[in-house]
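Colleague: One structure coming up, written as structure tokens, with questions to follow.
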Amino acid sequence: MRQPVLHRHVAGIERVVAHLRERVAQPELALPDLEDLAAIAHLSPFHFHRIYRALTGETVGHTVARLRLSVALRQLAEGGSVTGAAMAAGYDSPQALARAFRARLDVTPASLRGDTRAVAPLLERLSSPQLAADAAERLPLRVTIEEVSPFEVVVLRQRGAFEDLDRGFGRLFDWAMRAGLGERLERLVGVPLADHRDVAPREHEFDCAMAFGEGVATPPAPMALRTLGGGRHAVLRHVGPYEGLEDALDRLLREWWPDSGQRLRDAPVFHHYLDDPEQTPAPILRADLYVPLAT
């Protein structure tokens, strides 16, 4: 059962990569948007970026960057100019191409003109990503499916590095203590709005949240009330540093979901933190990862 179902999802991602390769080779055309790519893969736009990341190990943006470098390398191997290679690959200028080469390949474009032997191993480095990595030697995931009742949380959106999220939770707790809610705290929750592995700290957004039960008055801005849960969820217990929760989600989407027979629901993934990082060593921190499923 697993291999045919997994192959169907991998085939969808491969169609996306092939489409991106065609578009990158035509720099005069705009790149497709997320909705178009999700349709090509036969996936929901809501979860497409997560599934793509789980199955390829990179974001769509990283794939585009890799494909553009490959186009430029082939142009240079054929003896093309640096300016011509930059234009063919969709870079704004030869300088932009040179920066990309130094950052990813640690070489200059000019040094590769007409040198097919030097270009060949670089093209190999930029070849298609490993799809659906074999996890046969890893411990199997223990995923349960649970019906989660809706629950209300007070949220505070935090922007910045993942390791600085404790500031957001600290602000929430300070408010809760002033509001007389400290003793009513039921759970500590996080809602990732971006993948901290792939975005700069200034672009990373995350909803820090606390649940206190029913009857909480509307908090002052920028805090807000929000309802999470409701419906069926796949639940995975993660043990280790909380920074590894995105890796755990990758494993769930790559190793459990394809042959689970479940459909993902367009609703937020959220984390339920069970331990305090200030009191528990990072290797034994526990958190439950909740992934919404369709009925």
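No value in this document is a laboratory result; all are computed from the given coordinates. Model, not experiment: these values are computed from the prediction. Cβ coordinates were reconstructed from backbone atoms using ideal geometry, including for glycine residues, and neighbour counts include every protein chain displayed.
Colleague: For segment 98-257, what is the largest minus smallest coordinate of the Cα atoms on each principal axis, given in angstrom and ordered from greatest to least?
Modeller: Between the extreme Cα coordinates on each principal axis of segment 98-257 lie 71, 36, 23 Å.
Colleague: Shape of segment 212-295 from its Cα gyration tensor (a ≥ b ≥ c, root eigenvalues): rounded if a/c is under 1.5, otherwise prolate when a/b > b/c, or oblate?
Modeller: Here segment 212-295 falls in the oblate category.
Colleague: If I model a spin label as a point 7 Å beyond the Cα along the Cα-Cβ vector, how far apart are those points for GLU147 and ARG102 in nm?
Modeller: 6.1
Colleague: Right, here's the next one. Can you tell me the orientation of helix 94-104 relative to the chain, as the angle in degrees between its alpha-carbon axis and the longest Cα principal axis, to the nearest 10?
Modeller: 60
Colleague: Counting pairs of Cα atoms in segment 11-152, how many percent are more than 20 Å apart?
Modeller: 55
Colleague: Restricting to Cα pairs below 8 Å that are 6+ residues apart, what does the relative contact order work out to for segment 1-111? Please round to a whole percent.
Modeller: Relative contact order of segment 1-111: 21 percent.
Colleague: Among ASP266, ASP106, ASP36, which one moves the most in a GNM of the chain with springs linking Cα atoms closer than 10 Å?
Modeller: Largest GNM mean-square fluctuation: ASP106.
Colleague: Any idea how far apart THR227 and GLU163 come out in nm if each label point goes 7 Å out from Cα toward Cβ?
Modeller: Here the answer is 3.9 nm between the modelled labels.
Colleague: More than 37 angstrom separation, counting every C-alpha pair in the chain; what % is that? Numbers along the way, then the final one.
Modeller: On the way: 12046 of 43365 pairs.
Tail of the P(r) past 37 Å holds 28 percent of the pairs.
Colleague: Okay, moving on. Need the C-alpha centroid separation for segment 36-99 versus segment 169-232, integer Å.
Modeller: 36
Colleague: Any idea what angle helix 166-178 forms with the longest principal axis of the chain, computed on alpha-carbon atoms, 0 to 90 degrees, nearest 10?
Modeller: Result, in degrees: 20.
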